Amino acid sequence: MTDLTYYHATTPEFEQRPSLAGEIDADACIVGGGLTGVCAALQLAERGYSTVLLEAGRIGDGASGRNGGQIVMGYGCDMTTFERAVGREAAKTIWQMGTEAVTDINLRIERHGIAADYRRGYLHAALNARQAGGLLELAESWSGTYGFADIRMLDAGDTAAATGSDIYRAALLERGSGHINPLAYLRGLARAAENAGARLFEASRVTCLQRGTRPVLETARGRVTARMVVLAGNAYLGGLVPEIEYRIAPVLSAVAATAPLTADQQARILPGNEAVADSNTALNYFRKTPDGRLLFGGLASYSGRPLNNASAALRKRMAGVYPELSNIDMEYCWSGKLAITVTRMPDFGRVDSNIYYAQGLSGHGVALTGLAGKLIAEAAAGDAERFDVFSRLPNYRFPGGPARQAVLALGMAWFKLRDMVGLSK
């Protein structure tokens with residue numbers, strides 16, 4: 001078993017980009033080489049802006065190259081959260097943009113010829129009657145209020161046939177979502193951004209941001225002066241801009257990939273190749289890879305502490321779903337940070353008129369990162385209407401400031417207990 005991600009081990013090598021040296025003047029400078037930053041670079045460069053992207057490590061070192069590869073329709077909260085915040089009509093606009101974010105993934109793959117193992121189909125699985133009722137309410141909301149008809153509730157028998165496991169009471173099957181190799185997708189978009197004229201620099205951590213009418217971003221060996229800045233570091237941004245640091249909390253999640261399944265196991269486990277996530281607070285999520293492995297994730301740490309013995313813990317969780325895999329080798333295991341908001345609504349906005357940020361996608365980043373980059377490019381070009389639908393959302397600072405993760409961990413413990421109690425119901 002290795003701490004190398006399955007994606008980095010199996011995705012064709014990506015040519016290393018240079019480190020920034022010297023001074024550059026640009027229209028736009030982006031901080032962060034994940035999906036949000038690279039999508040923003042692509043969109044801005046295609047609109048004719050001279051664009052520079054600064055990544056502290058390698059493209060894909062952060063969450064965009066370390067996640068479970070699950071493309072999930074909707075948002076990290078249910079749509080009633082948006083309705084309470086901004087009203088139903090604005091919530092419908094937000095829903096439409098969320099579906100656009102999923103559709104755009106396939107459009108980008110086709111347009112730029114990206115080999116990213118994209119597959120459609122998603123199962124939201126319920127472990128008990130309470131969760132099954134929640135999925136039914138979700139389906140009624142999506143179809144009745146938001147007009148999303150490509151969904152179907154499955155009973156216990158159909159769910160067992162679809163998953164190859166008999167532990168679920170029900171599932172919501174929807175074909176809009178799916179799964180992908182996120183690192184291959186990101187690298188393909190990075191090449192497309194460069195082809196459009198964007199300049200990407202790796203090993204170029206931003207150490208200082210001087211704000212003003214023309215912000216200046218400094219690295220160890222260079223600086224960029226720009227008309228606008230995009231902060232796309234999410235959970236990895238640190239304290240570069242204190243105003244937005246405590247609007248999110250980083251959450252550590254682990255993912256493992258098994259040895260290849262046998263032909264018989266591959267036929268019985270997820271025969272339709274859907275991705276799956278259960279409905280627990282600390283959920284399990286899993287899918288099959290093109291080379292026949294089970295990629296299994298979970299173990300959220302809200303405290304900021306490292307996840308110890310993640311491989312063994314994930315195998316135990318996986319055996320709860322598929323007992324026959326209790327002794328299979330876990331050939332890859334890794335972890336990474338995502339960012340959540342208090343409300344689980346995305347946090348898009350501005351600090352100063354010329355510094356944009358997008359963060360806190362709360363587990364839905366594979367799709368919503370592309371939307372974030374698209375809306376920032378629209379706003380930069382003078383049409384901020386759609387961006388401001390999100391910037392007006394009432395996202396708040398986490399209580400506790402620097403101690404917010406300890407406060408969050410305490411609160412999440414209650415929800416985990418509720419899930420454990422509910423398993424027998």
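The values are calculated or read from the model by the stated rules, or taken from the named source; none is laboratory data. These numbers come from a predicted model, not from an experiment. With ideal geometry, Cβ positions are generated from the backbone for all residues, glycine too; neighbour counts draw on all protein chains shown.
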Considering only segment 10-24, state which residues are exposed (fewer than 13 other Cβ atoms within 10 Å of the Cβ) and more than 14 Å from Ala203 (Cβ to Cβ). Pro12, Glu13, Gly22, Glu23
What number of residues in segment 58-105 are among the basic types (Lys, Arg) and free of Cβ contacts under 8 Å to residues at least 40 places away in the same chain? 1
Filter result (surrounded by fewer than 24 Cβ atoms within 10 Å (Cβ to Cβ), assigned to a helix (DSSP H, G or I) and hydrophobic (A, V, I, L, M, F, W, C)) within segment 366-386: Ala379, Ala380
Of the residues in segment 45-85, those that are within 14 Å of the chain's Cα centre (by Cα) and assigned to a helix (DSSP H, G or I) come to Ala63, Ser64, Gly65
List pairs: first in segment 347-376 and over 19 Å from Leu252 (Cα atoms) and hydroxyl-bearing (Ser, Thr, Tyr), second modelled with pLDDT of 95 or more and surrounded by 24 or more Cβ atoms within 10 Å (Cβ to Cβ), Cβ under 6 Å, 6+ apart or cross-chain? Tyr356/Val230; Tyr356/Ile376; Tyr357/Leu231
Take the residues of segment 262-285 that are without any contact (Cβ under 8 Å) to a residue 60 or more places away in the chain and of a type outside the set (D, E, K, R): which is surrounded by the fewest Cβ atoms within 10 Å (Cβ to Cβ)? Ala263
So which residues in segment 326-360 are within 17 Å of Gly68 (Cβ to Cβ), more than 13 Å from the chain's Cα centre (by Cα) and crowded, with 20+ Cβ neighbours inside 10 Å? Met330, Tyr332, Cys333, Trp334
Tell me, which residue of segment 290-309 that is at pLDDT 95 or above and buried (at least 20 other Cβ atoms within 10 Å of the Cβ) is nearest to Ala162 (Cα to Cα)? Leu294
Failed condition for Ile24, given (1) free of Cβ contacts under 8 Å to residues at least 12 places away in the same chain; (2) not in a loop (DSSP other than H, G, I, E, B), with all others met? (1)
Candidates Gly188, Gly233, Gly222, Gly238, filtered to the one that is closer than 21 Å to Gly32 by Cα and crowded, with 24+ Cβ neighbours inside 10 Å: Gly233
Restricting attention to segment 131-144, and to residues there that are polar (S, T, N, Q) and farther than 17 Å from Thr81 by Cβ, which single residue is surrounded by the fewest Cβ atoms within 10 Å (Cβ to Cβ)? Ser143
Name the one entry in Leu135, Leu107 that is in contact with a His (Cβ under 8 Å, 6 or more places away or on another chain) and part of a helix (DSSP H, G or I). Leu135
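Yes/no per residue for (1) more than 14 Å from Ala28 (Cα to Cα); (2) of a type in the set (Gly, Ala, Ser):
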{"site": "Thr207", "(1), (2)": "yes, no"}
{"site": "Arg211", "(1), (2)": "no, no"}
{"site": "Pro215", "(1), (2)": "no, no"}
{"site": "Ala226", "(1), (2)": "no, yes"}
{"site": "Val230", "(1), (2)": "no, no"}
{"site": "Asn234", "(1), (2)": "yes, no"}
{"site": "Ile248", "(1), (2)": "yes, no"}
{"site": "Ser253", "(1), (2)": "yes, yes"}
Within segment 126-137, is even one residue in contact (Cβ under 8 Å) with a residue 12 or more places away in the chain and closer than 20 Å to Ala267 by Cβ? no
In this structure, does Gly147 turn out to be surrounded by fewer than 16 Cβ atoms within 10 Å (Cβ to Cβ), touching a residue at least 12 places away in the same chain (Cβ under 8 Å) and in a loop (DSSP other than H, G, I, E, B)? no
Residue list for segment 244-281, filter: acidic (Asp, Glu) and assigned to a helix (DSSP H, G or I): Glu245, Asp264
